[in-house]
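Visitor: Can you read through this structure? Questions will come right after.
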Amino acid sequence: MTQVTTEITAYHAHVYFDANSLNQAVELCEKAHDTLGVAMGRVHQKLVGPHPEWSCQLSFSAPDIGKVLPWLILNRKGLTVFIHPVTGNDLDDHTKYIMWLGDSKPLNIEQFLQ
């Protein structure tokens, strides 16, 4: 059942990387945490959830999008970043309401269809 969404409560930014860009991604995520105060999740060197590449999640409040988005644009240095809101509807959050910094990637959304 699709939930009617009326509010964005937070955002997640997933920084994608591989073995060659691991250090760069860790540095970006740690700097985002230290500079912007965003919550930094685990650095996953495996596929997690719908993500097609290794990733690290940055979480922040909805009002902070205005400072986090420009910062990521200027500091990602070629890394791909997948950004989505948190509305309570995981399927829509990962398909309809998304932003990409860099190349978009196909997500595995099967878990949201069950």
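The values are calculated or read from the model by the stated rules, or taken from the named source; none is laboratory data. Computed from a predicted model, the values in this text were never measured in an experiment. Cβ sites come from the backbone with ideal geometry, for glycine too, and all protein chains shown count toward neighbours. Just the protein is used for accessible areas: all its heavy atoms, side chains included, with ligands, DNA and RNA removed. Shrake-Rupley method; radii C 1.70, N 1.55, O 1.52, S 1.80 Å.
Visitor: Take 55, 104, 61 and sort them by solvent-accessible surface of the protein heavy atoms, 1.4 Å probe, largest at the top. Spell out each step's value before the answer.
Guide: Numbers: 55 5, 104 80, 61 45 Å².
Ranked from most to least accessible, the order is 104, 61, 55.
Visitor: Accessible area per residue for region 5-112 in Å², computed with a 1.4 Å probe and the full protein assembly in place, what is it? It would help to have the intermediate numbers written out before the result.
Guide: Working: 5740 Å² over 108 residues.
Spelled out: the 1.4 Å probe surface of region 5-112, per residue, equals 53 Å².
Visitor: Choose one answer from 66, 102, 37: the residue with the largest mean-square fluctuation in a GNM of the chain with alpha-carbon springs under 10 Å.
Guide: Checking each option, the largest mean-square fluctuation is seen for 66.
Visitor: What net charge is computed for the residues neighbouring residue 94, neighbours being all others with C-beta under 15 Å from the C-beta of residue 94, Lys and Arg scored +1, Asp and Glu -1? Write out the running numbers ahead of the final one.
Guide: Working: positive: 96, 105; negative: 53, 90, 92, 93, 110.
Its environment carries a net charge of -3.
Visitor: Continuing with the same structure: How many percent of DSSP beta bridges within the chain run antiparallel, rounded to 5?
Guide: Expressed as a percentage, antiparallel bridges in the chain total about 100.
Visitor: If you don't mind, another one. With a/c under 1.5 counting as rounded, go ahead and sort region 1-83 into rounded, prolate or oblate using the C-alpha gyration tensor (a ≥ b ≥ c being the square roots of the eigenvalues; past the cut-off, prolate if a/b is larger than b/c, else oblate). Numbers along the way, then the final one.
Guide: Details: a/c = 2.15, a/b = 1.28, b/c = 1.68.
Oblate, because a/c is 1.5 or more while a/b does not exceed b/c.
Visitor: Given a Förster radius of 22 Å and the C-beta distance between residue 35 and residue 90 as r, what FRET efficiency does 1/(1 + (r/R0)^6) yield to the nearest 0.05?
Guide: Values: r = 29 Å, r/R0 = 1.30.
The formula returns an efficiency of 0.15 here.
Visitor: How much FRET efficiency would the formula 1/(1 + (r/R0)^6) give for residue 45 and residue 67, where r is the Cβ-Cβ distance and R0 is 41 Å, rounded to 0.05? Walk me through the numbers before you get to the answer.
Guide: Numbers: r = 29 Å, r/R0 = 0.70.
Computed FRET efficiency for residue 45 and residue 67 comes out at 0.90.
Visitor: Moving on. Okay, helix-only estimate at 222 nm for the chain: each DSSP H run of n ≥ 4 adds -39500 (n - 2.57), divide by all residues, round to 500 deg cm²/dmol; what do you get? Show your work: numbers first, answer last.
Guide: Values: 3 runs with 32 residues, N = 114.
It comes out at -8500 deg cm²/dmol, rounded to the nearest 500.
Visitor: Given a 1.4 Å probe and every protein chain left where it sits, what share in percent of the accessible area of region 5-112 is carbon and sulfur? It would help to have the intermediate numbers written out before the result.
Guide: On the way: 2860 of 5740 Å².
Reported share for carbon and sulfur atoms: 50 percent.
Visitor: Counting other C-beta atoms within 10 Å, and keeping those with at most 13, which DSSP coil trypsin sites (Lys or Arg not before Pro) do you find in region 1-101?
Guide: Numbers: sites: 31, 42, 46, 67, 76, 77, 96; in loops: 46, 76, 77, 96.
Passing both the DSSP loop test and the Cβ count: 46, 77, 96.
Visitor: Working with all protein chains in place, sort 18, 64, 92, 103 by solvent-accessible area computed with a 1.4 Å probe, largest first. Walk me through the intermediate numbers first.
Guide: Working: 18 75, 64 50, 92 15, 103 110 Å².
Highest to lowest solvent-accessible surface, that is 103, 18, 64, 92.
Visitor: By accessible area of protein heavy atoms, probe 1.4 Å, what ranking do 58, 47 get, highest first?
Guide: Values: 58 0, 47 110 Å².
The residues order as 47, 58, largest area first.
Visitor: Sticking with this one: Need one number: nm distance between label points at residue 97 and residue 113, each 7 Å from Cα along Cα→Cβ, rounded to one decimal.
Guide: Between residue 97 and residue 113, the simple spin-label model gives 2.2 nm.
Visitor: With θ set to phi - 60°, apply the Karplus curve 6.51 cos²θ - 1.76 cosθ + 1.60 along region 98-114 and write out the HN-Hα couplings as whole Hz, x wherever there is a Gly or Pro.
Guide: Whole-Hz 3J(HN,Hα) from phi for region 98-114: 9, 9, 10, 10, x, 6, 6, 10, x, 8, 9, 9, 3, 5, 8, 9, 8.
Visitor: Students often forget the sequence filter, so: which aspartates and glutamates lie under 18 Å Cα-Cα from residue 31 once same-chain residues fewer than 8 apart are removed?
Guide: 64
Visitor: GluC sites (Glu not before Pro), restricted to region 1-83: which are DSSP loop and have at most 13 other Cβ atoms within 10 Å?
Guide: Details: sites: 7, 27, 30, 53; in loops: 7, 53.
Those that pass, being in a loop and sparsely packed, are 7.
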